[in-house]
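Below is one structure; the comments refer to it alone.
The values are calculated or read from the model by the stated rules, or taken from the named source; none is laboratory data. The shown structure was predicted, so the numbers you read here are calculated from the model rather than taken from an experiment. Methodologically, a virtual Cβ is constructed for each residue, glycine included, from the backbone with ideal geometry; neighbour enumeration extends over all protein chains shown.
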Amino acid sequence: MKARLVLSREVGPNTRHFEFETAEEEPLAFEPGQFISVTQRIGDDEITRAYSIASPPRGNRFALCANLVPDGRFSPFLFHLQAGDEIGFKGPYGAFILRRPVSDSIMVATGTGIAPFRSMLHAKMRENQDRHFTLIFGVRHEEGLLYHDEFVSLKRDYPGFHYRPTLTRPPEGWKGLTGRVQPHALAALGERRDVDVYICGLREMVDELRLQLKAAGLDRKRIIYEKYD
């Protein structure tokens, strides 16, 4: 399938939010949390990269969130796209979606691992207002808190949404959480074992937190994860 870039904007240092529109008139059907595979011929090679969809379903539009890897081959291509340029993609794919029935949930993200949670929260908060969602989002620096204002707004609009950003390198005067996401996820879990925990981010963080949650007695079926290198 083909999609045309509508706009892109910076959401963090070397991180951009891309809005695309498919060439099809039919809506792009996907479950919040799924990803697509983007393919482009670069030089003599055809390169494919997977990106979580960072937006809720809305007609034939979808959003991606990506970091620029200066020495990479694919992200510089994305970052040089101009409005009107096209990409080829396949999908959606993946089973990193909210379980049904929806339970109280803890969502743990680092970096661009926030993308599928943005999709889930914008799509599902309104229809699950009887549930509690806790988002623990970890980055190094405050300017790396992607979509921060959106999550602050969601926290204001939905009493059941709890937003807990944490920084490993906080600036002077930072009043939020500090340190890695793992201990904050365990603190949010507390004594409860009837919640689902969704994790998305770098492999090391995901694997470590999964082990900690299992050791704490959380059923492995309640640990839903997606990891990347």
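Odds and ends about this structure:
- Considering (1) farther than 22 Å from residue 218 by Cα; (2) under 19 Å from the mean Cα position of the chain (by Cα); (3) in contact (Cβ under 8 Å) with a residue 24 or more places away in the chain, the lone condition that residue 134 does not fulfil carries the number (1).
- Taken together, the criteria place residue 54 among residues that are touching a helix residue (DSSP H, G or I) at 6+ places or on another chain (Cβ under 9 Å), of a type outside the set (Asp, Glu) and in contact (Cβ under 8 Å) with a residue 12 or more places away in the chain.
- The residues of region 178-199 that are within 12 Å of residue 223 (Cβ to Cβ) and not in a loop (DSSP other than H, G, I, E, B), listed by number, are 185, 189, 196, 197, 198, 199.
- Given (1) in contact with a Leu (Cβ under 6 Å, 6 or more places away or on another chain); (2) in a strand (DSSP E or B); (3) farther than 24 Å from residue 121 by Cβ, number of the condition residue 66 does not satisfy: (3)
- In region 69-102, the residue that is modelled with the lowest pLDDT out of those that are in a loop (DSSP other than H, G, I, E, B) and among the aromatic types (Phe, Trp, Tyr) is 74.
- Condition check for residue 43: within 17 Å of residue 88 (Cα to Cα) and assigned by TED's automatic domain parsing to the domain that holds residue 72: yes
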